[in-house]
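Student: Let me begin by handing over the structure; questions about it come next.
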Amino acid sequence: MNSINVLLCPRCKIPMTLNIESTISRDSIKVMYSYKCKNCGYRIDDAMVLIKKKDGNLELIATEIKS
């Protein structure tokens with residue numbers, strides 16, 4: 001049986017939605033993962049992925065954001 005993890009808003013106790021936002025510049029791509037409550041707007045930052053050019057190569061940095 002599959003289980004689905006649902007993150008509940010700490011304020012409203014309703015399911016939060018996952019938001020994925022990206023920022024692209026000349027030398028990098030940054031992707032932010034966060035959860036947001038549609039009811040009250042509370043936001044929890046979850047992770048960040050950064051891909052950037054460095055010395056002719058690509059560097060990948062993945063970071064879990066601890067609240």
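The values are calculated or read from the model by the stated rules, or taken from the named source; none is laboratory data. Worth saying up front: this structure is predicted, and the values here are computed from it rather than measured. Note that we place each Cβ from the backbone using ideal geometry, even for glycine, and neighbour counts take in every protein chain shown. These accessible areas exclude ligands, DNA and RNA; they are computed on the full protein's heavy atoms, side chains included. Shrake-Rupley method; radii C 1.70, N 1.55, O 1.52, S 1.80 Å.
Student: Among Cys40, Ser28, Ile61, pick out the residue whose Cα is farthest towards the positive end of the charge dipole of the chain, where Lys and Arg carry +1 and Asp and Glu carry -1 on C-beta, about the Cα centre.
Tutor: Cys40
Student: Round to the nearest 10 and report in Å² the accessible area of Asp27, as given by a 1.4 Å probe over the protein chains' heavy atoms.
Tutor: Per-residue accessible area (Asp27): approximately 80 Å².
Student: About the Cα centre, and with charges only on the beta carbon of Lys, Arg (+1) and Asp, Glu (-1), how big is the dipole of region 17-65? Nearest 20 debye, please.
Tutor: 200
Student: Moving to a separate point now. Sort by residue number and name the cysteines in the chain that have no neighbouring cysteine Cβ under 4.7 Å.
Tutor: Cys40
Student: For the chain, place one equal point scatterer on every Cα, skip the solvent, and apply the Debye formula. What is log10 of I(q)/I(0) at q = 0.22 Å⁻¹?
Tutor: For the requested q values the scattering log ratios are -0.91.
Student: When Lys and Arg each count +1 and Asp and Glu each count -1, what net charge do the other residues less than 15 Å away from Ala47, Cβ to Cβ, add up to?
Tutor: Surrounding charge for Ala47 is 0.
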